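Each remark here refers to the structure printed beneath this line.
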Amino acid sequence: MTTAAHLGFEAPRYQQLAQALATSIEHGEYQVGSLLPGEEMLCRLHGMSRHTVREALRHLQGLGLIEKRHGIGTAVLASTPPRAFSHTLGSVEEVRQYAKDTRLVDHRCTMVTADAELAAVLPCAPGARLLRIEALRTASGRPADEPLAWSCIHVVERYAGIRSKLKAQHLAIGTLIEQQYGEQITAVEQDIHAVAIDADIARALHVKTGSAGLRVDRRYLGADGKPFEWATSIHPGPRFGLSMRLDRAGSRTRG
C-alpha cells in the first residue's frame with residue numbers, strides 16, 4: 001500500500017495529534033472513564049489550533065476511543081480502538097466507480113489560498129493556490145431531497161481550468177483532469193471515520209443537525225507521486241454503504 005509516509009509527506013496535523021492522544025490513552029496517561037483535557041488546554045499542550053484539535057477529537061471519537069458528553073467533557077471509553085482493523089479499496093478503478101454512478105450538482109467554485117489550518121488538514125503546502133469546489137452528490141433514481149453527500153474538493157491551481165467544464169461533463173473530477181491535462185492518477189489514499197453532521201451541511205443534506213454521518217477523505221496522487229486533488233465527502237449514515245474485497249498479502253487477485 002502506498003502511504004503518505006512512503007512518498008515523503010507528513011500525516012495531517014490532526015492525525016498526528018490523534019495518534020499522540022491515542023498513544024497516551026493506550027499507555028494509561030488518560031485512564032478509561034477519565035476526562036481528556038479541554039480543547040483550550042490541548043491547544044496549549046500541543047501547540048495546535050482549535051480547528052486541528054477538534055478534528056483530532058472527531059477522529060478519536062470515530063475510532064470509539066472517546067465520547068463527548070454535554071456539560072461534562074470528553075470521556076475516555078476504551079484504551080484501544082474497538083475497530084482496530086483498517087483497510088483500503090483494491091484499485092483506483094474501484095474508488096472511481098462511486099463517482100461514475102453519481103454526479104455533482106449545485107457547484108460553487110472559488111479560488112483560495114491555503115492558510116496554515118487548511119494546509120495541515122489536506123495536507124498541502126501553505127500558501128498554495130487551490131480551486132475549491134463545493135457541491136452535492138446525487139444518484140439517479142433517488143429523491144432530489146435525499147442527496148448522497150456534501151462534497152468539498154480542492155484542486156491544484158494548474159488544473160483550475162476544469163471549472164468551466166463541470167456542468168457540461170458528468171465525470172469524476174480526477175477523470176476530467178486526466179482527460180483535459182493528461183495527468184495520471186497513480187494512487188488514491190482514503191480515510192473514513194464517523195462524524196456528527198454540523199448545522200450547515202445538515203441543512204444541505206436535509207438531515208438533523210448532529211445526526212450520524214461518515215466522512216470520507218481522499219487524496220489523488222499524480223504521476224509525480226504528489227497529491228493534485230483532495231476530496232472530502234460527508235455522507236448521512238443511512239444513505240451510504242461501502243463494500244469491498246480483501247485478499248491475503250501475496251495471493252493472486254484480479255488479473
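The values are calculated or read from the model by the stated rules, or taken from the named source; none is laboratory data. Please read all numbers here as calculations on a predicted model, not as lab measurements. Backbone-built Cβ (ideal geometry, glycine too); neighbour counts: all protein chains shown. Keep in mind that these areas ignore ligands, DNA and RNA; they rest on the heavy atoms of the full protein, side chains included. Shrake-Rupley method; radii C 1.70, N 1.55, O 1.52, S 1.80 Å.
With respect to (1) modelled with pLDDT under 90; (2) in a strand (DSSP E or B), the lone exception for Leu130 is condition (1). Among the residues of the range 187-201, are any in contact with a helix residue (DSSP H, G or I) (Cβ under 7 Å, 6 or more places away or on another chain) and open to solvent by 50 Å² or more (accessible area, probe 1.4 Å)? Scanning the range 187-201, I find no residue that is in contact with a helix residue (DSSP H, G or I) (Cβ under 7 Å, 6 or more places away or on another chain) and open to solvent by 50 Å² or more (accessible area, probe 1.4 Å), so the answer is no.
What number of residues within the range 27-44 satisfy the criterion of being among the acidic types (Asp, Glu) and open to solvent by 80 Å² or more (accessible area, probe 1.4 Å)? Number of matching residues: 2. Looking across the range 133-154, just one residue is at pLDDT 90 or above and either out of contact with any Ser or Thr (no Cβ under 8 Å at 6 or more places or on another chain) or open to solvent by 50 Å² or more (accessible area, probe 1.4 Å) (or both), and that is His154.
Looking only at the range 213-246, which residues are modelled with pLDDT under 85, within 26 Å of Gln184 (Cα to Cα) and open to solvent by 70 Å² or more (accessible area, probe 1.4 Å)?
Leu242, Ser243, Arg245, Leu246
The C-beta contact set for the range 16-30 (first residue in contact (Cβ under 8 Å) with a residue 12 or more places away in the chain and over 11 Å from Thr80 (Cα atoms), second residue open to solvent by less than 30 Å² (accessible area, probe 1.4 Å) and polar (S, T, N, Q), distance under 6 angstrom, 6+ apart or interchain) comprises Tyr30/Ser24.
The residues listed here are Glu189, Glu157; of these, the one that is over 17 Å from the mean Cα position of the chain (by Cα) and at pLDDT 85 or above is Glu157. For the subset of the range 45-77 comprising residues that are part of a loop (DSSP other than H, G, I, E, B) and open to solvent by less than 20 Å² (accessible area, probe 1.4 Å), which member is modelled with the highest pLDDT? The residue in question is Leu65.
The set of residues in the range 159-171 that are closer than 14 Å to Phe228 by Cα and touching a residue at least 40 places away in the same chain (Cβ under 8 Å) comprises Tyr159, Ala160.
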